[in-house]
Every structure is written in structure tokens, then in C-alpha cells.
1. Tally up the residues in the range 158-188 that are assigned to a strand (DSSP E or B) and on the phi > 0 side of the Ramachandran plot, please.
2. If you check Lys87 against the conditions, is it in contact with a strand residue (DSSP E or B) (Cβ under 7 Å, 6 or more places away or on another chain), surrounded by fewer than 22 Cβ atoms within 10 Å (Cβ to Cβ) and more than 18 Å from Ile37 (Cβ to Cβ)?
3. Taking the residues in the range 136-176 that are modelled with pLDDT of 95 or more and of a type in the set (Asp, Glu) as candidates, determine which candidate is surrounded by the most Cβ atoms within 10 Å (Cβ to Cβ).
4. Just one of (1) farther than 21 Å from Val28 by Cβ; (2) buried (at least 20 other Cβ atoms within 10 Å of the Cβ) trips up Ile109, so point out which.
5. On the given criteria, is Gly80 within 12 Å of the chain's Cα centre (by Cα), under 17 Å from Gly148 (Cα atoms) and either surrounded by fewer than 20 Cβ atoms within 10 Å (Cβ to Cβ) or in contact (Cβ under 8 Å) with a residue 12 or more places away in the chain (or both)?
Amino acid sequence: MKTASFLTACLIGLALALPARADDAPKVKMVTSKGEIVLELDQEHAPATVANFLGYVDEGFFNGTIFHRVIEGFMIQGGGLTPDMQKKPTHEPIENEAKNGLKNRRGTIAMARTSNPNSATAQFFINHRDNDGLDYPRPDGWGYAVFGEVTEGMDVVDAIANVPTGAQNGHRDVPTETVLIESVTRVE
């Protein structure tokens, strides 16, 4: 569901934030059932992606979602499903910013998407290892847009990545123990 006010708020927030220095980079704290993760977002290289993510943060969208896809030695994915594996309604997809020079390295956060390069909405993943195969340019001419990195809590990412997984409601690699995203908030 796309709302003009959401896009307007994202654009205004982006305009107010630019030009940004590295020490002014927005940070968010993600409180999970496994501990806290602090992320620094790179609005210089991924302005639309950061504005989109922060819009969801400000709405409280991520609160009560789960890490629903976990592959140790690859990544942990969340931000779009409830504990009963129901997909939350999102805003319209954003343009893919994978050509921004940022790489899918261990501890970076990137947007999840379908095979359509411009299909990212709210779901994100944190790389558990360096994933060069996700970088621009992939064989489809695109990549997965990195827009920040973990600055605190890689031990929490590791703990989530090590949770046993199985199949549930037609999804693979679902943690057998719910890994809840309790809240995601801006850090001042």
C-alpha cells in the first residue's frame, strides 16, 4: 500500500539529512529476542534505501516481526513476517541502489528482493559472511543493495545464524525457535 504521505515524509527526511557527514550517519537499534544489534546506515551511498528503511522504522513496522529465513554462513533475513508467518502489507517497492559501490560483506545490511531487481520493500538481511555473489553486477545486471552495517551486536547476528531451522508454512530455513524483532528505533 503506497501512501503519498509516506513517500513525502521519506523525501523530506532525506532532504533534511543531506548533505551528511559520516559522523552524522543515522543509526538504529534493533532489539531482538537474542539481544541487541546497532546498525549505522549509509545515506550517502544509498539515500533512497535508507529513507525507505527509516520510514518503516518510524512507523514501528518492524516491531513484532521475525527473522524468518536464517542460513548459517550466509545471512539472516527479516522484517516482513509476523511470528505466525503472515506477510505484513508494505509500501510500494523502491528502486534498486546496488550500483552504489557498497559490498555485501560480513555484518552489512542489504535489502531483500525477488528476481525483479526493483522489488525491495521492507525485508532486509544481514550478511553472516562476505557474499560477493550478491554484489553488483550479478548475472541479471543488478545486485542486492547494501545500505549500512552492524556497529554493535555481531555476536547477536552469529547467535541468530546458529539457530536450528526447518520448513514451515511453505518456507524453508525458518528458525525452529522464533527469533523476534521486538523493536527497531533510531539512536540519537
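1. The number of residues fulfilling the criteria is 1.
2. Values: in contact with a strand residue (DSSP E or B) (Cβ under 7 Å, 6 or more places away or on another chain): yes; surrounded by fewer than 22 Cβ atoms within 10 Å (Cβ to Cβ): yes; more than 18 Å from Ile37 (Cβ to Cβ): yes.
Here the answer is yes, as Lys87 does meet what is asked.
3. Within the range 136-176, the match that is surrounded by the most Cβ atoms within 10 Å (Cβ to Cβ) is Glu149.
4. Going through the list (1) farther than 21 Å from Val28 by Cβ; (2) buried (at least 20 other Cβ atoms within 10 Å of the Cβ), Ile109 breaks only (1).
5. No, not satisfied.
The rows are residues; the columns are (1) among the aliphatic types (A, V, I, L, M); (2) out of contact with any strand residue (DSSP E or B) (no Cβ under 8 Å at 6 or more places or on another chain); (3) more than 25 Å from Gly166 (Cβ to Cβ).
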position	(1), (2), (3)
Glu72	no, yes, no
Ile76	yes, no, no
Ala98	yes, no, yes
Gly101	no, yes, yes
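The values are calculated or read from the model by the stated rules, or taken from the named source; none is laboratory data. Here the structure is a predicted model, which means the values were calculated and not measured. Every residue, glycine among them, receives a Cβ derived from its backbone with ideal geometry; neighbour counts consider all protein chains shown.
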